[in-house]
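The structure appears right after this line, and notes come after that.
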Amino acid sequence: MASEETSTLTRRGFVGAGAALGACAVGAGITGCSSAKSEKKDEKKEEKVSAKDSLKIFVGTEPKDGFDPLTTYWGTNGMYSLFQSRLLAFNKEGKPVPDLAESYKMSDDGLTYTYKLKKGIKFSDGTPFTADDVVFSYLTIRDNGAGHIDFKALADAKALNESTVEFKLKKRDSSFVARTAKLCIVPKKSYDAQNYRIKPVGTGPFKLVQYDKGQQLIIAPNEYYYGTKSTFKRITLVFLNGEAALAHAQSGTMDVVMVQPEYTKEKVEGMHLVKFPTIDTRGFNLPTFAPKEVDGKERGNAVTADRAVRLALNIGISRSELIQSSINGIGTPHTALLHKLPWANPQSEFKDGRVEEAKKILEDAGWKLNAQGVREKDGKPCEFNITGRSDDMQRYDIAVGLSEQAKKLGIRINAKAVPWKQGREQARIIPTCWGTGDYDPSGDIIGYYGSKGAINDSRYSNPTVDKHIEEALDAPSHEKALEAWKKVQWDGTTGPESEKGDLPYIWLVTIDHTYYIKDDLDIPEQPLHPHGHGWPVICNLNEWKRK
């Protein structure tokens, strides 16, 4: 295992955190070090703001597609945004509460939603926020095909007056309210799809001061913000290689540094480690059909197509051992996608670590051990590849941990690290490590388990599950949809989860988000973090203070 990890780090070009820090000044980005000229320019700007009044933080890698919520994933988990805000916001319990909107109501038939907006709000450029901006944002993301929040059920949106928006749906959608707590609003008059992603303007707590792509993002409080204003005059978000983050923490120049689990046992002078609980789950898709050509491309996996293999892996491995050996014990073992949420189905959970039972399942299915200790059936070994992200050591470490656990069962899994784009493209053949966690029940459940789900790379298809999804969406309210969402996962007879279910995925761990934080920095209570590669910690950045 050690040799595999070392070779992977070498392929990434990582030669040690200390070396990375020595070669590049703090603030250098993923694409390389900034020039001396740009460093002097930044130093000059920094002189105007005292250390007490500024922050320098690393909370995750650069959003490479920029900060446009209408065309990218920026802010779509609903829990964080620097520049924009939403009609509703998720509170610490993950429930939608008023934000730009002061109230909303739904018609008796569930097809019309009316939102009353707060008055007197302005964008960071000083222009007024009105209902027209809301209508523009919603219709644009619905129509452009590039947004990552599903508003296909939206028939129309119109401004009844400057502070009232009416939404008409084609059919009932119980998750509509949750989705309005996910979509950030942009200004209709100044929005430019070509430039907005690098020059965002919004009603959020911060405004853009300077964006050095690949290096850093400098922000300042939005003087027009209607909520709590930050006490810091300047905040610099530095974009780093994850492996160099610890060295930057040890340099003493950073206030917050997100670190991967393998570095959480280190001591950093003047900082303390904080582990924030999450709903951020990790697991692997397991393609459910044998190899075949689909739309001119090969799809499927001959080994994972056998439910016996999927079941044996799910019940046979020890998730707690995997977490301890692979990610320093930073996380909680889970056998299902959802947890800690009202729509999670506890009947989906089951006991793992049942090695002997798993072996018998494989034996009975015809998978016999060969001389090399690997099972085979009809001359074909029980062997397949899986991938973790080469830019996320945690996912690769989890992949290696799963491969080690599978050896106990006579299953050979080859863990490799590849760029996310490659892993995503190959996922319908080669299982890849997924990370997810959403406060909108439809986001994860439909995405992974719906037969037409956007992230269903197991190509799982179950008509009963699809029927439960429609029942959940057609429920007259978010609350009444909960039981249907639970049935999607397992209804007592069929479903993707439970050891009696179809198991198109192997869910392993709910990770904690880990950060080194300066001892003199006060970060208020955080909600359960959703998925977000470290960024969710800024959900209340405007409330951070020096002690």
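The values are calculated or read from the model by the stated rules, or taken from the named source; none is laboratory data. As the structure is a prediction and not an experimental result, all values here were calculated from the model. We place every Cβ from the backbone using ideal geometry, glycine too, and count neighbours over all the protein chains shown. For the accessible areas, the whole protein counts, side chains as well, though only heavy atoms, and no ligand, DNA or RNA atoms are used. Shrake-Rupley method; radii C 1.70, N 1.55, O 1.52, S 1.80 Å.
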Open item on the list: Just to be sure I understand the model, the point goes 7 Å from the Cα along the line to the Cβ. What's the resulting W420 to D65 distance in nm?
Closed with: 1.0
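At a temperature of 37 °C and a viscosity of 0.692 mPa s, determine how fast the chain diffuses translationally according to Stokes-Einstein, using the Kirkwood radius over alpha-carbon pairs as Rh; express D in µm²/s, rounded to the nearest whole number.
On the way: Rh = 24.7 Å.
Estimated via Stokes-Einstein, D reaches 133 µm²/s.
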Task: Förster-model FRET efficiency, 51 Å R0, S325 and V49, C-beta, rounded to 0.05 - done: 0.70
Task: Contour excess over end-to-end distance, with Cα ends at K351 and Y73 and 0.36 nm allotted per residue - done: 96.6 nm
Task: Q194/K229 FRET efficiency (R0 25 Å; Cβ-Cβ; nearest 0.05) - done: 0.25
TODO: Note down the magnitude of the dipole of the chain about its Cα centre, charges +1 on Lys and Arg C-beta and -1 on Asp and Glu C-beta and zero elsewhere, to the nearest 20 debye.
DONE: 680
Task: Probe 1.4 Å, accessible area per residue of the chain, Å² - done: 41
- [ ] Over 29 Å between C-alpha atoms is what I'm after, so list which of K265/K416; K48/K518; K48/K229; K105/K340; K188/K229; K170/K421 land there.
- [x] K170/K421
Open item on the list: Could you tell me which residue out of F123, S85, P96 lies farthest along the dipole of segment 83-129 toward its positive end? Charges go on the beta carbon: Lys and Arg +1, Asp and Glu -1, centred on the Cα centre.
Closed with: F123
TODO: Report the label-to-label distance for E383 and K213 in nanometres (one decimal), using points 7 Å from each Cα along the Cα→Cβ vector.
DONE: 4.4
- [ ] Could you tell me which of Q210, S230, Q347 has its Cα farthest along the dipole of the chain towards the positive end, charges placed at Cβ (Lys, Arg +1; Asp, Glu -1), taken about the Cα centre?
- [x] Q210
- [ ] Determine which aspartates and glutamates satisfy two conditions relative to K64: a Cα distance under 16 Å, and not lying fewer than 8 residues away in the same chain.
- [x] D212, D391, D392
Open item on the list: Could you work out the relative contact order of segment 328-414? I mean the mean sequence separation of Cα pairs under 8 Å and 6+ apart, divided by the number of residues, in percent.
Closed with: 21
Open item on the list: Show me the ranking of peptides 427-435, 59-67 by mean Cβ neighbours inside 10 Å, starting with the highest.
Closed with: 427-435, 59-67
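Using Cα-Cα distances under 8 Å and only pairs 6 or more residues apart, what relative contact order does the chain have, in percent?
Details: 1189 pairs, mean separation 105.6, N = 547.
Relative contact order comes out at 19 percent.
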- [ ] Estimate the FRET efficiency between K368 and D295 by the formula 1/(1 + (r/R0)^6), using the beta-carbon distance for r and 30 Å for R0, to the nearest 0.05.
- [x] 0.25
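Which sequence of T304, T493 reflects their accessible areas, 1.4 Å probe, from the largest down?
Values: T304 0, T493 115 Å².
Most to least solvent-accessible, the answer reads T493, T304.
Round to a whole number: what % of the accessible area of segment 121-277 belongs to carbon and sulfur, probe 1.4 Å?
48
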Task: Cα centroid of segment 294-326 to Cα centroid of segment 476-514, whole Å - done: 18
